[in-house]
Every structure is written in structure tokens, then in C-alpha cells.
Amino acid sequence: MRNRVKCGIPGLAILTLLLVVLATVATAAAQAKPIRIGEINSYSGLATVYTFPYKEGLLMAAKEINDAGGVLGRPIEFIFRDDKLKPDEAVKAARELVGQ
């Protein structure tokens, strides 16, 4: 003979409430995390004349987007890495960003 667990209406109500609370907490945690965008460019050497205004433009755009509420309620954050005009440094920076 099988034993059946009877939970009834109060048990279902508690289970439903628990699921709603867990879903709300998970959604809030996901929205609180910033959207991180990795950006690899040459911030040292000859290219600095061109890349620093580019970086400032990205920071201004991110501030404007974040002040307006972000993307789907999540702020944007740029992570800048310098490749020093060397391909091997760019690869190293890309691996670091992907690993994060």
C-alpha cells in the first residue's frame, strides 16, 4: 500500500507563496548585477590621441544610459584593458575578460 502525502489547500498556498518569493528574489538579484562590457584598445603609445576621446565617449554614453535606468533595469559597466599596440597583449586581455 502506498503512502500518500496530503497537503490540501493550505499546503498548496504555502508552496505557491514560497515559489513566488524565490522568483522575486532571483529576479531582483539578476537586475542588480551590472551588464559588463569588455573593451580592449590601445591606451598607451601612439594611439592615445585617438583612444582617450573614444574612452571618454563610452563613459559618457554609459552614464547617460545608467541615469535613464540602464538596460532592462540593469546598469552598464565598461571594463577597459590596454593592449599596448601589441597583439599578444590584446589576446591576454581578451582571455582575462572572458575568464571574468
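Between Thr16 and Val49, what FRET efficiency follows from the Cβ-Cβ distance if R0 is 41 Å, with the result rounded to 0.05? FRET efficiency, Thr16 to Val49: 0.10. Accessible area per residue for the stretch 27-97 is 69 Å², calculated with a 1.4 Å probe on protein heavy atoms, without ligands, DNA or RNA. Lys and Arg at +1, Asp and Glu at -1: add these up for the other residues within a Cβ distance under 14 Å of Val91 and post the number. After counting each charged neighbour, the total is 0.
Annotation: lysines with alpha-carbon distance below 23 angstrom to Lys63 (same-chain offsets under eight excluded): Lys33, Lys55.
The values are calculated or read from the model by the stated rules, or taken from the named source; none is laboratory data. Keep in mind the model is a prediction, meaning the values are calculated, not measured. Every residue, glycine among them, receives a Cβ derived from its backbone with ideal geometry; neighbour counts consider all protein chains shown. Note: accessible area is taken over every heavy atom of the protein model, side chains too, but ligands, DNA and RNA are not part of it. Shrake-Rupley method; radii C 1.70, N 1.55, O 1.52, S 1.80 Å.
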